[in-house]
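J.: The structure follows.
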Amino acid sequence: MNKISYYNRRFGYLLASPAILILVLIILVPITISIITSFFDYTLIDRDLDKFTGLKNYFSVINNPKFINSFFVTISFVIFVVLFEFLLGFLIAILLNKVTKFRNIYYFILLIPLLINPVVVGLIWRMFLHPQLGIVNYLIGFLGISPVNWLGDPQIAFVTIIFVDIWHQVSFMIILLLAGLASIPEEPYEAARIDGANEFRQFLDITLPYMRPVIIITLLIRLIFAVKTYDLIYIMTKGGPGEATDLISYYIYRSAFISLNLGEAASMSVLLLIIICVIIFPLFKYMNRADE
Amino acid sequence: MKTIPLLISLLFIFNMNANAVTLRAVMENVPDTGFIQELLPEFTAKTGIEVEFEVMGYGEMHPKLVPSLIASTGSYDFMPVDFYWVGEFDKAGWMMSLDDFIKKDEFDTSVYFDSLMDLTGRIGDTTYMLPFYNYAMGLTVRKDLLDDSSNQAKFEDKYGMKLKLPTEWDEYLNQVEFFTDKDKGFYGVVNQGGKADPIAMEWSNYLFARGGDFHDDNWNGLLTSNNALEALKDYVSMVNNYGPLGAESFGFDEAFNVAAQGNAYSYLTYNFFLNSYNDPEQSAVVGKMELIPVPGEGGLNGAWGWSIPKSSPNAEAAWEFLKWVESPDIAKRRAALGGAPTRKDVFNDPDLNEQFDHYPLLKDLLATAKNFPLFTYTPQFVEVMGTELSKAVIGEQDPAVALKIMNDELEALAAKDGKR
């Protein structure tokens, strides 16, 4: 019996080995190369991996006020977009969950922003938000509101980027959360109603506990993608005005492709990877606990 | 039996197609690319060589090109090179010398303006590029407003000088102030204050106009001079006092649209926009805009060059294309379509001078335009400039401090490049 299970296990490994090999090749190899590169003075102009600099790139990055600024701008951006997208997404998902008719139609409508390439989203909104010629200032003019400097004022530009990201990504939250809500069985609600629990009590004691794994995985995925936001910034603000919207991914891109300093860009990427791991680790832990 | 000749014919055709060369290149989505695309079928008919352009925005080009340039055999057979990639591409050794091709075919490079050959042609004694199109910057102003007698009288009354095409910087500043009427939604100037390239390129004109420069012959920075400070103060004032809302974030297309919709007196921009101003589909000021050299001490030069990467899979065929696209006939026809020429003979062509009455002026503009600092780290310096200028415009940085940071960075990068 033990022998059979031993051979079965080996056969299982054999079957899984191509997939594991592909994973190693497409995930671990590039990450390892990035980590190695981060310890070298490696630029696209001088592409010899022969100048080992140890932790110099890391110290240089940590002591760079522009990188630190990017880091904090990114943290603020991530907190705002993930929080607002979650709250708004959950609210809309709960409301839509009550609707039973035309479900396919609203699913399709919800999917539309997600299907648009972020570059196109950036271009569309940049056009809409043109202070003189854009439709947004034209429409708010009817309400007696003065034209707004959407992308030229540092504070407003930051809020604008958050708004556009929410517009683009909130559907992602809605769809995942809606799928989670639809999978909750009806029986606990019926029992709660018999016991006299109101809607809010049902939400707290049934919906939230059932939804916990979905919420965590949704937040997790969205958080990772929010940290990596690049396209919107590239198209809409180029990190400006000043450094108001200079997100870390765009900073890394500039380091790699404008300064051509791949060693430094790699060290930033590794730091970003560590930061993401630090953020998502508690969520993972919490999710595992919730599963148990 | 009949099938055998048919099969042989098919094999022959298949073999012909298999051997046919298709040249590939990344091209920017600008009018000059479109003009060449219109003429490409003629090149294919003449040489049998197909040409495929991957047309994209400027920002996508560099990241797209670099991986191909690093490879031993790249994806692109020839490439347009913006002037501020030249130092970097040269240092990395990515461009093929064109000297052997030029010698073999006796291609005459003396037809190009020296200023453009210095910018996107020769590096030292070697020719790596042929100037493709120029984008030297000039000032575009509303001639109809300058010609208005009522405006002339009011201006003379207020400033004690005649209202005319400005030749001095202070004269231009007065005109900007005079024409600004924000209540009516009309602005003396529209700026391209977005990061990083738009603001850096535009402000360079202000620097030159004020008599400033980036560095001396030994690459000692000159950006802490009074001229530079005045130039930056002018720029900050223009954007904040005389320009439309949002100019701090405008790229050239957005700024152009404000001017083209008739909402601004002036826009300091790339000379090829003059044709767009005169296109009724894009403009509400057809025939009203005049292009003039930047008042004061001159404006910024700019150009793209044609180059063949060392990693080009079809260098010979690529040279055939370059030779064709830069031949006198094709260069003239591109110009007739509205292209921005680089050859002197095109500027001297009587037909084109009849078609474009601004050619004599443009010729002067190219001959006198000043170059941006050209070295390996030009793109990196533009980034620093863009950020500091932008911070000065939005009031997050004192202009003098911004200039000091730019100056220090220029000197540090020049030293890193072995220039100092």
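The values are calculated or read from the model by the stated rules, or taken from the named source; none is laboratory data. Predicted, not measured: the structure shown is a model, and the values here were computed from it. Glycine gets a Cβ as well: all are built from the backbone with ideal geometry, and neighbour counts include every protein chain shown.
J.: For the stretch B:265-291, name all the residues that are under 22 Å from residue A:241 (Cα atoms) and of a type in the set (A, V, I, L, M, F, W, C).
T.: Correct list: B:268 only.
J.: Kindly provide the set of residues from the stretch A:96-131 that are over 30 Å from residue B:250 (Cα atoms), hydrophobic (A, V, I, L, M, F, W, C) and free of Cβ contacts under 8 Å to residues at least 40 places away in the same chain, ordered by number.
T.: Hits for the stretch A:96-131 are A:99, A:102, A:105, A:108, A:109.
J.: So, of the residues in the stretch B:363-420 that are among the hydroxyl-bearing types (Ser, Thr, Tyr), in a helix (DSSP H, G or I) and within 14 Å of chain A (Cβ to nearest Cβ), which turns out to be surrounded by the most Cβ atoms within 10 Å (Cβ to Cβ)?
T.: That would be B:390.
J.: Now, a different point. Cβ contacts < 6 Å: first residue closer than 15 Å to residue B:275 by Cβ, restricted to the stretch B:20-40; second residue in a helix (DSSP H, G or I), any location; separation 6+ or different chain. Result?
T.: B:35/B:334
J.: Also, quick follow-up: Could you please let me know if residue B:164 is surrounded by fewer than 15 Cβ atoms within 10 Å (Cβ to Cβ), within 14 Å of chain A (Cβ to nearest Cβ) and out of contact with any Phe, Trp or Tyr (no Cβ under 8 Å at 6 or more places or on another chain)?
T.: When the stated conditions are applied, residue B:164 does not pass them.
J.: Would it be correct to say that residue B:211 is more than 14 Å from chain A (Cβ to nearest Cβ), in contact with an Asp or Glu (Cβ under 7 Å, 6 or more places away or on another chain), buried (at least 20 other Cβ atoms within 10 Å of the Cβ) and part of a loop (DSSP other than H, G, I, E, B)?
T.: Taking the combined requirement at face value, the residue does not satisfy it.
Residue by residue, here is whether (1) assigned to a loop (DSSP other than H, G, I, E, B); (2) over 17 Å from the mean Cα position of the chain (by Cα); (3) modelled with pLDDT of 95 or more holds:
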{"position": "B:13", "(1), (2), (3)": "no, yes, no"}
{"position": "B:18", "(1), (2), (3)": "no, yes, no"}
{"position": "B:37", "(1), (2), (3)": "no, yes, yes"}
{"position": "B:42", "(1), (2), (3)": "no, yes, yes"}
{"position": "B:60", "(1), (2), (3)": "no, no, no"}
{"position": "B:65", "(1), (2), (3)": "no, yes, no"}
{"position": "B:84", "(1), (2), (3)": "no, no, no"}
{"position": "B:90", "(1), (2), (3)": "no, yes, no"}
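J.: Is at least one residue of the stretch A:106-115 within 14 Å of chain B (Cβ to nearest Cβ), out of contact with any His (no Cβ under 7 Å at 6 or more places or on another chain) and assigned to a helix (DSSP H, G or I)?
T.: Within the stretch A:106-115, not a single residue is within 14 Å of chain B (Cβ to nearest Cβ), out of contact with any His (no Cβ under 7 Å at 6 or more places or on another chain) and assigned to a helix (DSSP H, G or I).
J.: Within the stretch A:219-253, how many residues turn out to be among the basic types (Lys, Arg) and buried (at least 20 other Cβ atoms within 10 Å of the Cβ)?
T.: Selection size over the stretch A:219-253: 2.
J.: From the residues in the stretch B:69-90 that are within 12 Å of chain A (Cβ to nearest Cβ) and crowded, with 19+ Cβ neighbours inside 10 Å, which one is farthest from residue B:418 (Cα to Cα)?
T.: B:69
J.: In the set A:69, A:64, which member is in contact (Cβ under 8 Å) with a residue 40 or more places away in the chain, of a type outside the set (A, V, I, L, M) and surrounded by 10 or more Cβ atoms within 10 Å (Cβ to Cβ)?
T.: Sole residue among the options that is in contact (Cβ under 8 Å) with a residue 40 or more places away in the chain, of a type outside the set (A, V, I, L, M) and surrounded by 10 or more Cβ atoms within 10 Å (Cβ to Cβ): A:69.
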